[in-house]
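Okay, structure first, notes after.
The values are calculated or read from the model by the stated rules, or taken from the named source; none is laboratory data. Because the structure is a prediction, the values reported are computed rather than measured. With ideal geometry, Cβ positions are generated from the backbone for all residues, glycine too; neighbour counts draw on all protein chains shown. To get the accessible areas, we keep the full protein, side chains included, count just its heavy atoms, and leave off ligands, DNA and RNA. Shrake-Rupley method; radii C 1.70, N 1.55, O 1.52, S 1.80 Å.
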Amino acid sequence: LYERVRILCWVMTGPRTLETKARHVRATWARHCNVALFMSSEADERFPAVGLPVQEGRHQLYWKTIRAFQYVHRHHLGQADWFLKADDDTFLVAANLRWLLAGHSPERPIYFGKRFKPFVKQGYMSGGAGYVLSKEALRRFVAAFASRACTHTSAVEDLALGQCLEKVGVEAGDSRDTWGRETFHPFPPESHLTDKFSQSFWYWSYCYYPIVEGPQCCSDLSVSFHYVSGEQMYALEYLTHRLRPYGYRPRYRP
């Protein structure tokens, strides 16, 4: 699917985390994207990183997201069909994302990710777990800022982007597998597999789909996890791309 489902991955990073976080992304999962870009507030030709006209800090995350998608639209629109945003502590399995996207046209206005439900009628996608826009969704997002149909309304990047996309008719897609298991995850694997979330934890009221704790939490073809350390990136890369029990036959064959 590498040539049929072309994915551009842009990674939200900054000058202070290029060497502590982003370099581990560059050395692991980003190699499987058709195009990989690292978006910072300062250009770094050695890394390389794109310098966007923004400041650093949590209050600047939506501005950085807007400028990054505008940059991608201006310079790389023809090089991919799908456009993924991830953080520099997100781990992604690009092959599984291609499988998820293969049945959808990039000319359809749709985006996928870990779907949250408050504040937006159709829900919106968690920033940390990463989200991916179709080519048509990207076109509409960029056009909305050019026409001022959308403006910078909030520093909460994922929510503000979800509100804008809903306004311009971009559908919030269902990223669950055919067994109903989620593929984008906002925490590290061990949190989803072994933790018991407190009933007062915000996660219960945010998730669009029912939460499943324990081994059935996650699809066998999961796409992403968040809050992954640099060290853990290499372990997950090995486990997802190299380690196999001898004679292994996948139990999940969609």
List the aspartates and glutamates whose Cα sits under 12 Å from the Cα of residue 196, skipping any in the same chain fewer than 8 residues away. 213
Hey, rough spin-label estimate for residue 174 and residue 44, points 7 angstrom out along Cα→Cβ, what's it come to in nanometres? 4.1 nm
For residue 5, enumerate residues with amide H under 5 Å from its amide H, sequence gap 5+ or separate chain, H modeled in the peptide plane. none
Within the under-11-Å Cβ sphere about residue 136, not counting residue 136, Lys/Arg +1 and Asp/Glu -1 give a net charge of +1
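Let me make sure I get this right: for segment 26-162, a, b and c are the square roots of the gyration tensor eigenvalues over alpha carbons, sorted descending. Under 1.5 in a/c it's rounded, otherwise prolate if a/b > b/c, else oblate. Which is it? Could the numbers behind the result be given before it?
Details: a/c = 1.32, a/b = 1.03, b/c = 1.29.
Cα axes put segment 26-162 in the rounded bin.
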P(r) tail for segment 165-254, what percent of Cα pairs lie past 23 Å? 35 percent
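Given a Förster distance of 41 Å, report the FRET efficiency between residue 251 and residue 148 from their Cβ-Cβ distance, rounded to the nearest 0.05.
Details: r = 50 Å, r/R0 = 1.23.
In this case the efficiency is close to 0.25.
If you take the square roots of the eigenvalues of the alpha-carbon gyration tensor of segment 1-42 and sort them as a ≥ b ≥ c, do you get rounded (a/c under 1.5), prolate (a/b over b/c) or oblate? Before the final figure, lay out the partial values.
Values: a/c = 4.80, a/b = 2.05, b/c = 2.35.
Taking the square roots of the gyration eigenvalues as a ≥ b ≥ c, segment 1-42 is oblate.
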Once label points are set 7 Å from the Cα along Cα→Cβ at both residue 190 and residue 243, what is their separation, rounded to one decimal in nm? 1.3 nm
Could you compute the FRET efficiency for residue 108 and residue 209, with r as their C-beta to C-beta distance and R0 at 30 Å, rounded to 0.05? 0.90
Convert each backbone phi in segment 224-241 into a coupling constant with the Karplus relation 6.51 cos²θ - 1.76 cosθ + 1.60 (shift: θ = phi - 60°), then list the ³J(HN,Hα) values in order as whole Hz, x for Gly and Pro. 8, 9, 10, 6, 9, 6, x, 4, 5, 4, 5, 5, 5, 4, 5, 5, 8, 10
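Rounded to the nearest 0.05, what FRET efficiency do residue 202 and residue 95 give with R0 = 41 Å and r taken as the Cβ-Cβ distance? Could you check?
Numbers: r = 31 Å, r/R0 = 0.77.
With R0 = 41 Å, the Cβ-Cβ based efficiency is 0.85.
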Comparing 244, 140, 16, which has the greatest mean-square fluctuation in the GNM of the chain with Cα pairs linked when under 10 Å apart? 244
Give the aspartates and glutamates reachable from residue 85 as a straight Cα distance under 14 Å; neighbours fewer than 8 places away on the same chain don't count. 157, 158
Percent of accessible area on segment 25-103 owned by carbon and sulfur, 1.4 Å probe? 48 percent
Residues whose placed amide H lies under 5 Å from that of residue 171, excluding near-sequence neighbours: 110, 111
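Given a cut-off of under 8 Å on Cα pairs at least six residues apart, what relative contact order in percent is computed for the chain?
Working: 469 pairs, mean separation 53.8, N = 254.
21 percent.
Once you order the gyration tensor axes a ≥ b ≥ c over the Cα atoms, which shape class does segment 98-196 get: rounded for a/c under 1.5, otherwise prolate or oblate by comparing a/b with b/c? Before the final figure, lay out the partial values.
Values: a/c = 2.47, a/b = 1.45, b/c = 1.71.
Oblate, since a/c reaches 1.5 and b/c is not below a/b.
Write down Rg/Rh for the chain, rounded to two decimals, with Rg from the C-alpha atoms and Rh from the Kirkwood relation over Cα pairs. Working shown, then result.
On the way: Rg = 17.4 Å, Rh = 18.5 Å.
Computed over Cα atoms, the ratio is 0.94.
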